[in-house]
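*Asks:* This structure is in structure tokens; I'll ask about it shortly.
The values are calculated or read from the model by the stated rules, or taken from the named source; none is laboratory data. Quantities reported herein were computed from a predicted structural model and do not represent experimental measurements. Cβ placement follows ideal geometry from the backbone for every residue including glycine, while neighbour counts extend to all protein chains displayed.
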Amino acid sequence: MGDIRNSRKSREINRMKIGLLECDHVPERFRHVAGDYRDMFAAWLPQFELQIFDVRNGEFPSSVDACDAYLTTGSKFSAYDDEAWIHRLKDFVRQVHAAEKPFVGICFGHQILAEVLGGKVEKAESGWGVGVHRVKIVQPETWMVPEQPACGLQFMHQDQVVRLPEESLVLGRTEHCPVAVFRVGRGMLGIQPHPEFVPAYTEALIRDRIERIGEAKARAALDSLSLATDEDVVAKWIGEFLSAQSGQSGQSGQSGLTPMGQC
């Protein structure tokens, strides 16, 4: 029975048309490490066929119905920056929310999700969050398969969510980032860390930003890159999350997304 269910979920995911909203590009001097952000996402999530939209340069889906679900990348910009493309992105995410389309925002995308729906993002009082940190899962959900109480993931951010939108639930946190993972409603998920990053790229960014990050924090972050991480687990979780949404857009309820312990 388990094999049949897994096969059905795989078919559901493969049928989904996933739009990747690309909010920045890897600097040319680092492209040799792992390509551009679209390449990192494709390598991290090989179960998905991604349709790329370079929103940083004004390329948006023709309508919210162009894809079944959306992923949003990180960016060197802040969610509160007064940039035309960011305002347009926020309008589009509002449309995604209104249409009840599944959405997963990574880092900048996580922060955009919060800002769009009434939350607040600002520079973290604790300074840069860099290197590998353990994300404690404080609210396990049924799509978190395989289950585990914490995930080691790579971080690279100055901003963070300091106030959640309404109808939000914190799912994971770290010591430096109280809102590391959150869900809004049934089908919108924010993830502050970068599960798409490879350690060599994180290392390149840290070394490039040592003066901005601070030498002591940067050195500790570089040392942390030898720790075990769980990008593959989070990739499976996102597959389960999107599978739970398949065929359910526009329906009410929490089908497939019941917090564990409340089933």
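*Asks:* Take residues that are basic (Lys, Arg) and modelled with pLDDT of 95 or more and tell me which of the helices (runs of 4 or more DSSP H) falling wholly in segment 15-123 contain 3 or more.
*Replies:* It comes to 84-98.
*Asks:* Only one of (1) touching a Pro at 6+ places or on another chain (Cβ under 9 Å); (2) β-branched (Val, Ile, Thr); (3) farther than 21 Å from residue 229 by Cβ is not met by residue 106, so which one is it?
*Replies:* Among (1) touching a Pro at 6+ places or on another chain (Cβ under 9 Å); (2) β-branched (Val, Ile, Thr); (3) farther than 21 Å from residue 229 by Cβ, residue 106 violates only (3).
*Asks:* For segment 22-65, give me each residue that is surrounded by fewer than 13 Cβ atoms within 10 Å (Cβ to Cβ) and at positive phi.
*Replies:* 58 - this is the single residue of segment 22-65 that is surrounded by fewer than 13 Cβ atoms within 10 Å (Cβ to Cβ) and at positive phi.
*Asks:* Do we find that residue 106 is in contact (Cβ under 8 Å) with a residue 40 or more places away in the chain, in contact with a His (Cβ under 7 Å, 6 or more places away or on another chain) and surrounded by 21 or more Cβ atoms within 10 Å (Cβ to Cβ) in this structure?
*Replies:* Considered against the rule, which asks whether it is in contact (Cβ under 8 Å) with a residue 40 or more places away in the chain, in contact with a His (Cβ under 7 Å, 6 or more places away or on another chain) and surrounded by 21 or more Cβ atoms within 10 Å (Cβ to Cβ), residue 106 comes out as yes.
*Asks:* Would you pick out the residues in segment 161-197 that are assigned to a loop (DSSP other than H, G, I, E, B), touching an Asp or Glu at 6+ places or on another chain (Cβ under 6 Å) and surrounded by fewer than 21 Cβ atoms within 10 Å (Cβ to Cβ)?
*Replies:* Result: 185, single match.
*Asks:* Could you check residue 122 against (1) over 18 Å from residue 75 (Cα atoms); (2) more than 12 Å from the chain's Cα centre (by Cα) and say which number it fails?
*Replies:* Condition not satisfied by residue 122: (1).
*Asks:* Tell me which residues, restricted to segment 23-63, are among the β-branched types (Val, Ile, Thr) and either free of Cβ contacts under 8 Å to residues at least 12 places away in the same chain or under 26 Å from residue 95 (Cβ atoms) (or both).
*Replies:* The answer is 52, 55.
*Asks:* I need the full set of residues from segment 137-160 which are part of a strand (DSSP E or B) and either surrounded by 15 or more Cβ atoms within 10 Å (Cβ to Cβ) or in contact with a His (Cβ under 7 Å, 6 or more places away or on another chain) (or both), in order please.
*Replies:* 137, 141, 151, 152, 153, 154, 155, 156, 157, 159, 160
*Asks:* Would you please list the contacts, defined by Cβ atoms under 9 Å and residues six or more apart or on different chains, that run from a residue in segment 216-233 that is in contact (Cβ under 8 Å) with a residue 60 or more places away in the chain to a residue that is of a type in the set (Lys, Arg) and part of a helix (DSSP H, G or I)?
*Replies:* 218/207; 218/212; 222/207
*Asks:* Sticking with this one: Note down all Cβ pairs under 9 Å where the first residue falls in segment 74-99 and is more than 21 Å from residue 194 (Cβ to Cβ), the second is surrounded by fewer than 13 Cβ atoms within 10 Å (Cβ to Cβ) and modelled with pLDDT under 95, and they're at least six residues apart or on different chains.
*Replies:* Going by the 9 Å Cβ cut-off, the qualifying pairs are 99/250.
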